[in-house]
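Below is one structure, written out as structure tokens; the observations come after it.
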Amino acid sequence: MKVSYYPLGDQAVLLEFEQEVSPEILSDVQCVYQEIKSDAPEWLIEAVPAYASITVHYDLKQLLHAEDAEAVVIDYVKEKVAASKNSEPPEKRIVRIPVCYGGEFGPDLNEVAEYHQLAPDEVVKRHTNGDYTVYMLGFAPGFPYIGGLDASIATPRKKNPRSAIPAGSVGIAGQQTGVYSIETPGGWQIIGRTPEKLFDITKNPSFLLRAGDKIEFYPITEKEYEEWQE
């Protein structure tokens, strides 16, 4: 495992893994993240995992006694990187997500189909047959960046983003697919919508998904969508 360490301002350190999106790098990130969180010192504010990095935020006030606070933090995370080589990533969950494709729920489905010279039903078929993994959460609370999209339906973001995309909208952006966890502006190609709530502040945990989850999308009708929400 190759990891580089960089300061981010005076209260954070970036751990940068090999810069590629792959299940192997994701596993390394998860193992190191677990180790960092398992025995956290008081000065650790937060560790934020991403595709191929972890940002460690620390409270400088609690390290004022140290001659070099940054060195203390880097030494700590280096120990955790070494320890992670003997650990296993979290058990992978399989999460099935229902999606009502096309129509008012998927206003860009036809555009995506035309872009690839496919029938809309074929886009849906290929989207539901993907081998999906959640690589990280970000952008909005609980928003999953999901890899494993069939390359034959990979589609660029929209040139003109929408000012509001409803929560639950399922989109494509480049070689990724994702689900909008809250209503927010965005430029992904929206091909459907799920009645599942990906973010619910009244629950603990508040997020439906987590990094490492395997995702299975499956189609439902508009009637099934409405019944799901009742």
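Values in this text are rule-based calculations from the coordinates and carry no lab data. All values reported here derive from a predicted model rather than from experimental measurement. No Cβ is skipped: glycine too gets one built from the backbone with ideal geometry, and neighbour counts run over all protein chains shown.
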Exercise. For ASN86 and ASP10 in one chain, what is 0.36 nm times their gap in residues minus the Cα-Cα distance, to one decimal in nm?
Worked result: 24.3 nm
Problem set entry | Low-density loop cleavage sites - trypsin sites (Lys or Arg not before Pro) in the stretch 168-223, where at most 11 other Cβ are within 10 Å (DSSP) | LYS203
Exercise. Which net charge results when you count Lys and Arg as +1 and Asp and Glu as -1 among the other residues whose beta-carbon is under 15 Å from that of LYS61?
Worked result: -4
Exercise. To the nearest 10 degrees, how steep is helix 23-38 against the longest Cα principal axis of the chain, on a 0 to 90 scale?
Worked result: 50 degrees
Exercise. If we count every other residue with Cβ under 11 angstrom of LEU8's Cβ, Lys/Arg +1 and Asp/Glu -1, where does the sum land?
Worked result: -3
Exercise. GLU104 versus THR55, label points 7 Å from Cα toward the beta carbon: distance in nm?
Worked result: 3.8 nm
For this session: Sum -39500 (n - 2.57) across every DSSP H segment of at least 4 residues in the chain, then divide by the residue count to get the 222 nm mean residue ellipticity, nearest 500.
Result: -7500 deg cm²/dmol
Exercise. Label-point separation (nm) for LYS203 and ASP39, each offset 7 Å from Cα along Cα-to-Cβ?
Worked result: 3.4 nm
Seminar exercise, completed: Quick calc, ASN160 & LYS223: beta-carbon distance into FRET formula, R0 45 Å, rounding 0.05, result 0.90
Problem set entry | Charged-residue dipole, Cβ positions (Lys, Arg, Asp, Glu), the stretch 94-229 about Cα centre, Debye nearest 20 | 460 debye
For this session: Among DSSP beta bridges whose residues both lie in the chain, state the antiparallel percentage, nearest 5.
Result: 85 percent
Exercise. Looking at the stretch 118-163, which trypsin sites (Lys or Arg not before Pro) are in a loop (DSSP not H, G, I, E or B) and have at most 13 other Cβ atoms within 10 Å?
Worked result: LYS159
For this session: Quick one: net charge around SER22, please, counting Lys, Arg +1 and Asp, Glu -1 for every other residue with C-beta under 14 Å from its C-beta.
Result: -4
Problem set entry | Sites LEU64 and HIS116, calculated FRET efficiency, Cβ-Cβ separation with R0 45 Å, nearest 0.05 | 0.20
Exercise. Given Cα pairs under 8 Å that are at least 6 residues apart, what percent is the relative contact order of the stretch 59-185?
Worked result: 16 percent
